[in-house]
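Q: First the structure, which I've put down as C-alpha cells, then a few questions once you've had a look.
The values are calculated or read from the model by the stated rules, or taken from the named source; none is laboratory data. Values in this document were obtained by computation on a predicted structure and should not be read as measured data. Positions of Cβ are generated from backbone atoms using ideal geometry, with glycine treated the same way; all protein chains shown enter the neighbour counts. Side chains included, ligands, DNA and RNA excluded: accessible areas come from the protein's heavy atoms. Shrake-Rupley method; radii C 1.70, N 1.55, O 1.52, S 1.80 Å.
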Amino acid sequence: MTDLPASAARSTWNASDWHEALVVEAYAETPTARTIRMRLPEAAALPALVAGQHIDVRLTAPDGYTAVRSYSLASAATGGILEITVEELTDGEVSPYLVRGLDVGDRLEIRGPIGGWFVWLDEEPAPVQLIAGGSGVVPLMAMIRAHEAGTNPSPFRLLYSVRSPEMAYYRAELEELARVSPRFDLDWVYTRRAPSGWPHAPGRLDLTRLAASVQPLGSTALTYVCGATPFVEFVADALVRSGRDPARIRTERYGGAEGG
Amino acid sequence: MGLFSPGFMGRRREPVPGLPPGQHLVTDFPVLSIGPTPRVTPEEWRFSITSESGLMTTWTWDEFQALPQEDVTVDIHCVTSWSKFGTGWRGVSLDTLLDGVDTQAGFAMARSYGGYTTNVPLDELRGGKAWVAHQFDGSPLAPEHGGPARLLVPALYFWKSAKWLRSIELSTRNDPGFWEQNGYHMHGDPWREERYW
C-alpha cells in the first residue's frame, strides 16, 4: 500500500472510551431502515471526523447485559451531531431495537470514531468513484456530504445498487445533489424492481452496466466499494480484471445476516 | 455499567463461556478486507521468513505442503465484535516454520499479497499458538478468506491473522502494520479488549 491516508489524528478523546449520546431525531429511511441522529454532550472534545469512519453503539439491558455493534457514520458530525442509518436485520439483536424500539430523547453509548482506511480526506486530489450495494451507501454518503460541504473540485460519481426504488437510502438528497451539483453524478441499478419507465430491466449489476457507470478507465480515480460480500467481491474483481489498479480500490463489507 | 436502554432486553441472559467481553457469536463467516481479493495460485505462491539479520528462508507451495501439518479447532474473534467458535483449520505451526531460524527478535511483521501488513509479538506466534493455514473446514481456503494461505493467530483479534500471507519479517522493533497505523491496537488481545488506540 503506497497511498495510505494520514491516520486519524490522535487527541485527548479516546476512541476506546464510551460516550453518552442523546437521540435528537429518528425517522424511517426506508421500510426496513431508520436514520438516527444523536448529539454528543462532549461534542467540543470530539476529534475531527473523517468521512467513512464508523462508531460502535452499545445497548444495556435492565440486568446489565450489553450488546455492541458497529455502524458507519452517514455524516461528518457538524455541530456535534452524529448520524447513522440502521438496517433492521432478520433475527438481529441490536438493529430491531434501534429501528423500532429507540425513541427521541433516549440515550445511546457510543465509542469511536474509528477507522483510517475506508475514508475520504478533503485534500484528496483524485476523482472518486463510489459503488454501493444497499445499506453499503452509508459511509459513502458521509464522503458525498463532506465533499459537497467543502471546495474540493474533484468529481464524485456514485453507482448505487438497490433492490427497488423505495429501498434506496437518502434518495431525495442524492437526486437533488445530482441535479444541482456540478461535482456529483449518480447512477442507479435496480436489482428486483425498477421505477416505471426506467430504461433498464431490473437485474443484478453486470459488467456492462458497471463499465458504463464508473469513472473512465485510465483516470486516476480512487474507488470505494461498500456492500454485502458477494457484491463487493464481484465489483472489485471486475474492476481489477478490467485493468484498474487494485491499490486504488478500497472495500468495506457488511458481514453476514447475523451481524446485527 | 453503561446507560440503561429502555426496552432493550437483548438475546442472551447468561455469560457464554469462551466469549470475550464485547463480542457476540455468529455461525456464518463474515468477510472483511481492505481492497480487492488478491488471486494467487499455488504455483506462484511463495512464503518466506526473514530474520532481523536479513537471512531469508523461502518455501514453495510443495515444500510448504511437505512440512508437518496440524489440524486445529479454535475460536476466532473479530474486532468488529463477532466471534465464531470451533473453526477447523489445517496448516503448519509457526513453531515448525521458525525452527532453524536464528533470531533474537521480539516482533514479527506479517506481509500479504495485496500489500496488507500486521505486526505481532513473536511470543504470540510461538508455543503452539499460531499457524499458516491453508484449509478451512476440510476444504482449500477460499480466496476471500485468505487463500491460498493465511496466518492464524486465534489468541488475538482476527485482523492479526493476515490473509494471503506472503512473508513474515522478524524485527527487534515493534513497527505498526496496516490497521495498527489506522486506529487499531498494537497487540490486540480480545480478552483485554485491546481494540483501538
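Q: Looking at segment A:88-117 only, could you name the residues that are under 16 Å from A:ALA48 (Cβ atoms), touching a Pro at 6+ places or on another chain (Cβ under 8 Å) and open to solvent by 10 Å² or more (accessible area, probe 1.4 Å)? It would help to see each step written out before you state the result.
A: So the first thing to find is which residues in segment A:88-117 are under 16 Å from A:ALA48 (Cβ atoms), and the list is A:112-116.
Next cut, touching a Pro at 6+ places or on another chain (Cβ under 8 Å) only: A:113, A:116.
Residue satisfying the conditions is A:PRO113 alone.
Q: Here's something else I'd like to know. Just checking, how many residues over segment A:43-68 are away from chain B (no Cβ under 14 Å) and open to solvent by 70 Å² or more (accessible area, probe 1.4 Å)? Quick ask: steps written out before the conclusion?
A: Let us first name the residues in segment A:43-68 that are away from chain B (no Cβ under 14 Å), namely A:43-46, A:51.
Now restrict to residues that are open to solvent by 70 Å² or more (accessible area, probe 1.4 Å): A:44.
Number satisfying all stated conditions: 1.
Q: Given B:GLY91, B:GLY146, B:GLY128, which one is out of contact with any helix residue (DSSP H, G or I) (no Cβ under 6 Å at 6 or more places or on another chain) and surrounded by fewer than 23 Cβ atoms within 10 Å (Cβ to Cβ)?
A: Details: B:GLY91 fails: surrounded by fewer than 23 Cβ atoms within 10 Å (Cβ to Cβ); B:GLY146 fails: surrounded by fewer than 23 Cβ atoms within 10 Å (Cβ to Cβ).
The conditions single out B:GLY128.
Q: Ok, one more. Determine if segment A:219-242 includes at least one residue that is aliphatic (A, V, I, L, M), in a loop (DSSP other than H, G, I, E, B), open to solvent by 40 Å² or more (accessible area, probe 1.4 Å) and more than 11 Å from chain B (Cβ to nearest Cβ). So that I can check it myself, show each step before the final result.
A: To start, the set of residues in segment A:219-242 that are aliphatic (A, V, I, L, M) comprises A:221-222, A:225, A:228, A:232, A:235-236, A:238-240.
Narrowing the set further to residues that are in a loop (DSSP other than H, G, I, E, B) leaves A:221.
Checking which are open to solvent by 40 Å² or more (accessible area, probe 1.4 Å) leaves us with none.
Checked segment A:219-242: no residue is aliphatic (A, V, I, L, M), in a loop (DSSP other than H, G, I, E, B), open to solvent by 40 Å² or more (accessible area, probe 1.4 Å) and more than 11 Å from chain B (Cβ to nearest Cβ).
Q: Among the residues of segment A:102-112, how many are within 9 Å of chain B (Cβ to nearest Cβ) and within 23 Å of B:GLU193 (Cα to Cα)? If you could, list the steps in order and put the result at the bottom.
A: Taking segment A:102-112 first, the residues within 9 Å of chain B (Cβ to nearest Cβ) are A:102-103, A:106-109, A:111-112.
With the extra rule that they be within 23 Å of B:GLU193 (Cα to Cα), the set shrinks to A:108-109, A:111-112.
So the count comes out to 4.
Q: Hey, could you check segment B:23-65 for residues that are open to solvent by 30 Å² or more (accessible area, probe 1.4 Å), polar (S, T, N, Q) and assigned to a loop (DSSP other than H, G, I, E, B) and say which is farthest from B:PRO140 (Cα to Cα)?
A: This residue is B:SER53.
Q: If you check every pair at least six apart or on different chains, which have Cβ atoms under 8 Å apart with a residue in segment A:233-251 that is more than 14 Å from A:ALA126 (Cα to Cα) and β-branched (Val, Ile, Thr) first and a residue that is in a helix (DSSP H, G or I) and open to solvent by less than 10 Å² (accessible area, probe 1.4 Å) second?
A: A:VAL235/A:LEU210; A:THR251/A:VAL232; A:THR251/A:ALA236
Q: Is it the case that A:GLU166 is of a type in the set (D, E, K, R), within 14 Å of another protein chain (Cβ to nearest Cβ) and in a helix (DSSP H, G or I)? Quick ask: steps written out before the conclusion?
A: On the way: of a type in the set (D, E, K, R): yes; within 14 Å of another protein chain (Cβ to nearest Cβ): no; in a helix (DSSP H, G or I): yes.
No: the conditions fail for A:GLU166.
Q: Another question, then. What are the pairs, 6+ residues apart or on separate chains, where a residue within segment B:174-197 that is closer than 19 Å to A:ARG69 by Cβ has its Cβ under 6 Å from a residue that is part of a loop (DSSP other than H, G, I, E, B) and among the hydroxyl-bearing types (Ser, Thr, Tyr)?
A: B:PRO190/B:TYR157; B:TYR196/A:SER16
Q: Hey, another quick one. Which members of segment A:118-131 meet the condition of being more than 13 Å from the chain's Cα centre (by Cα) and either more than 14 Å from A:TYR224 (Cα to Cα) or buried (at least 22 other Cβ atoms within 10 Å of the Cβ) (or both)? If you could, list the steps in order and put the result at the bottom.
A: Of all residues in segment A:118-131, those more than 13 Å from the chain's Cα centre (by Cα) come to A:121-129.
Matches in segment A:118-131: A:ASP122, A:GLU123, A:PRO125, A:VAL128, A:GLN129.
Q: While we're on this one: Could you tell me whether segment A:187-198 includes any residue that is in a helix (DSSP H, G or I) and crowded, with 17+ Cβ neighbours inside 10 Å? Can you show your working first?
A: Kept after step one, since they are in a helix (DSSP H, G or I), are these residues of segment A:187-198: none.
The answer is no, given that none of the residues of segment A:187-198 is in a helix (DSSP H, G or I) and crowded, with 17+ Cβ neighbours inside 10 Å.
Q: Same structure, new question: Take A:ALA172 and tell me if it is open to solvent by 40 Å² or more (accessible area, probe 1.4 Å) and without any contact (Cβ under 8 Å) to a residue 24 or more places away in the chain. Working first, answer last.
A: Working: open to solvent by 40 Å² or more (accessible area, probe 1.4 Å): yes; without any contact (Cβ under 8 Å) to a residue 24 or more places away in the chain: yes.
Answer is yes for this residue.
Q: When you look at B:THR96, is it of a type in the set (Val, Ile, Thr) and within 14 Å of another protein chain (Cβ to nearest Cβ), yes or no?
A: Numbers: of a type in the set (Val, Ile, Thr): yes; within 14 Å of another protein chain (Cβ to nearest Cβ): no.
Criteria not met by B:THR96.
Q: Next question, about the same structure. Considering every residue within segment B:7-19, establish whether at least one is farther than 22 Å from B:TYR113 by Cβ, touching a helix residue (DSSP H, G or I) at 6+ places or on another chain (Cβ under 6 Å) and without any contact (Cβ under 8 Å) to a residue 40 or more places away in the chain. If you could, list the steps in order and put the result at the bottom.
A: Of all residues in segment B:7-19, those farther than 22 Å from B:TYR113 by Cβ come to B:7-19.
Narrowing the set further to residues that are touching a helix residue (DSSP H, G or I) at 6+ places or on another chain (Cβ under 6 Å) leaves B:7-8.
Adding the requirement that they be without any contact (Cβ under 8 Å) to a residue 40 or more places away in the chain leaves B:7-8.
Yes: segment B:7-19 contains one or more residues that are farther than 22 Å from B:TYR113 by Cβ, touching a helix residue (DSSP H, G or I) at 6+ places or on another chain (Cβ under 6 Å) and without any contact (Cβ under 8 Å) to a residue 40 or more places away in the chain.
Q: Suppose the filter is in a loop (DSSP other than H, G, I, E, B), β-branched (Val, Ile, Thr) and within 14 Å of chain B (Cβ to nearest Cβ); does A:VAL99 pass it?
A: On the way: in a loop (DSSP other than H, G, I, E, B): no; β-branched (Val, Ile, Thr): yes; within 14 Å of chain B (Cβ to nearest Cβ): yes.
So A:VAL99 fails the test.
Q: Within segment B:146-192, track down each residue that is farther than 14 Å from B:CYS78 by Cβ and of a type in the set (Val, Ile, Thr).
A: Passing the criteria: B:ILE168, B:THR172.
Q: Which one of B:PRO6, B:PRO20, B:PRO68 is open to solvent by 50 Å² or more (accessible area, probe 1.4 Å), within 14 Å of chain A (Cβ to nearest Cβ) and either in a loop (DSSP other than H, G, I, E, B) or on the phi > 0 side of the Ramachandran plot (or both)? Before you say what the answer is, go through the steps one by one.
A: Numbers: B:PRO20 fails: open to solvent by 50 Å² or more (accessible area, probe 1.4 Å); B:PRO68 fails: within 14 Å of chain A (Cβ to nearest Cβ).
Every option except B:PRO6 fails the conditions.
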